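Chemist: Got a structure for you, questions after.
The values are calculated or read from the model by the stated rules, or taken from the named source; none is laboratory data. Since this is a predicted model, take the numbers as computed values, not measurements. Backbone-built Cβ (ideal geometry, glycine too); neighbour counts: all protein chains shown.
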Amino acid sequence: MFKETKKRSIFKSISWRLVAVANSWTVLSLMITKSNFWNAIIMNITGFFLFYIFERIWNQIKFGRIKE
């Protein structure tokens, strides 16, 4: 088990926001459907998968971990 340092939490938060903004920009730029509702649904579905991948990657990064 480990705890996160404040620096790790800050880096994770900032990097996630960058990924989330890129996801939103991509979905909205492509305008996959004409419906704002369905574009929002698509954005949330892709965000779900991106967040899963994001967390799996961060679990492999040792930066900012403190062993308990």
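Chemist: Could you list, in sequence order, the residues of the range 52-68 that are surrounded by fewer than 11 Cβ atoms within 10 Å (Cβ to Cβ), within 14 Å of residue 12 (Cβ to Cβ) and among the basic types (Lys, Arg)?
Modeler: Passing the criteria: 56, 62.
Chemist: Between residues in the range 38-51 that are under 19 Å from residue 12 (Cα atoms) and residues that are part of a helix (DSSP H, G or I) and not hydroxyl-bearing (Ser, Thr, Tyr), which pairs lie under 7 Å by C-beta distance while being six or more apart or on different chains?
Modeler: So the pair list comes out as 46/23; 46/27; 47/20; 47/23; 50/19; 50/23.
Chemist: Before we move on, is residue 9 surrounded by 11 or more Cβ atoms within 10 Å (Cβ to Cβ), of a type in the set (Gly, Ala, Ser) and free of Cβ contacts under 8 Å to residues at least 24 places away in the same chain? Walk me through it before giving the result.
Modeler: Values: surrounded by 11 or more Cβ atoms within 10 Å (Cβ to Cβ): yes; of a type in the set (Gly, Ala, Ser): yes; free of Cβ contacts under 8 Å to residues at least 24 places away in the same chain: no.
No, not satisfied.
Chemist: Take residue 21 and tell me if it is out of contact with any Lys or Arg (no Cβ under 6 Å at 6 or more places or on another chain), without any contact (Cβ under 8 Å) to a residue 40 or more places away in the chain, assigned to a helix (DSSP H, G or I) and surrounded by 11 or more Cβ atoms within 10 Å (Cβ to Cβ). Even if it seems obvious, please write down each step before you answer.
Modeler: On the way: out of contact with any Lys or Arg (no Cβ under 6 Å at 6 or more places or on another chain): yes; without any contact (Cβ under 8 Å) to a residue 40 or more places away in the chain: yes; assigned to a helix (DSSP H, G or I): yes; surrounded by 11 or more Cβ atoms within 10 Å (Cβ to Cβ): no.
So residue 21 fails the test.
Chemist: Is it the case that residue 63 is assigned to a helix (DSSP H, G or I) and either at pLDDT 95 or above or in contact with a Gly (Cβ under 7 Å, 6 or more places away or on another chain) (or both)?
Modeler: Details: assigned to a helix (DSSP H, G or I): no; either at pLDDT 95 or above or in contact with a Gly (Cβ under 7 Å, 6 or more places away or on another chain) (or both): yes.
Taking the combined requirement at face value, the residue does not satisfy it.
Chemist: Here is a follow-up. Consider residue 15 carefully, then state whether it is outside any strand (DSSP E or B), of a type in the set (S, T, N, Q) and surrounded by 12 or more Cβ atoms within 10 Å (Cβ to Cβ).
Modeler: Details: outside any strand (DSSP E or B): yes; of a type in the set (S, T, N, Q): yes; surrounded by 12 or more Cβ atoms within 10 Å (Cβ to Cβ): yes.
Yes, satisfied.
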